[in-house]
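Following: one structure in structure tokens, then a few remarks.
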Amino acid sequence: MVKARVRLGSQVTDFIGKLAPEPKRALRQALKGVADGKGDIKALEGKLAGFHRLRSGRIRVIYQERTVSGERQICCFYADYRASVYDVFEQLLTADLLEQFATGDLA
């Protein structure tokens, strides 16, 4: 599997910025691993079909794999704690409020 480029949406970047040092480090490691297809990854079902989730402790990141100009990309749209991430993301998706694509890179 070819390593993917991880792209973070503004909500994900803001969420990571507000985390305490240890959860932030763990989430960054998980995001680096997802580029290689590693980590606690699961395909979502129902209204969220076509998206995947990455689990890092109590945090979930919802993303979609895309191929853009022959480059494999992991576009991370939304991150939050397990208690609310799926409901809020589904509302954003239904209201068509998602960014057209994730911006920014994880170094």
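Structure summary
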| quantity | calculated |
| --- | --- |
| Failed condition for V2, given (1) crowded, with 16+ Cβ neighbours inside 10 Å; (2) of a type outside the set (D, E, K, R); (3) part of a loop (DSSP other than H, G, I, E, B) | (1) |
| Selection count where residues are assigned to a loop (DSSP other than H, G, I, E, B) and surrounded by 13 or more Cβ atoms within 10 Å (Cβ to Cβ), scope segment 39-51 | 3 |
| Residue within segment 64-78 that is closer than 18 Å to R25 by Cα and out of contact with any Asp or Glu (no Cβ under 9 Å at 6 or more places or on another chain) present | yes |
| Close pairs from segment 17-34: first crowded, with 16+ Cβ neighbours inside 10 Å, partner hydroxyl-bearing (S, T, Y), Cβ under 7 Å, at least 6 apart | L27/S56; A30/S56 |
| Total residues in segment 84-102, condition at negative phi, among the acidic types (D, E) and either at pLDDT 80 or above or more than 14 Å from the chain's Cα centre (by Cα) (or both) | 2 |
| Positions within segment 52-83 being of a type in the set (K, R), modelled with pLDDT of 90 or more and assigned to a loop (DSSP other than H, G, I, E, B), in sequence order | R58 |
| Near pairs, Cβ below 6 angstrom, 6+ apart or cross-chain, from segment 73-93 (crowded, with 18+ Cβ neighbours inside 10 Å) to any residue that is modelled with pLDDT under 90 and part of a helix (DSSP H, G or I) | Y78/F89 |
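The values are calculated or read from the model by the stated rules, or taken from the named source; none is laboratory data. Since we're looking at a predicted model, the values are computed, not measured. Every residue, glycine as well, gets a Cβ built from its backbone with ideal geometry; the counts of neighbours run over all protein chains shown.
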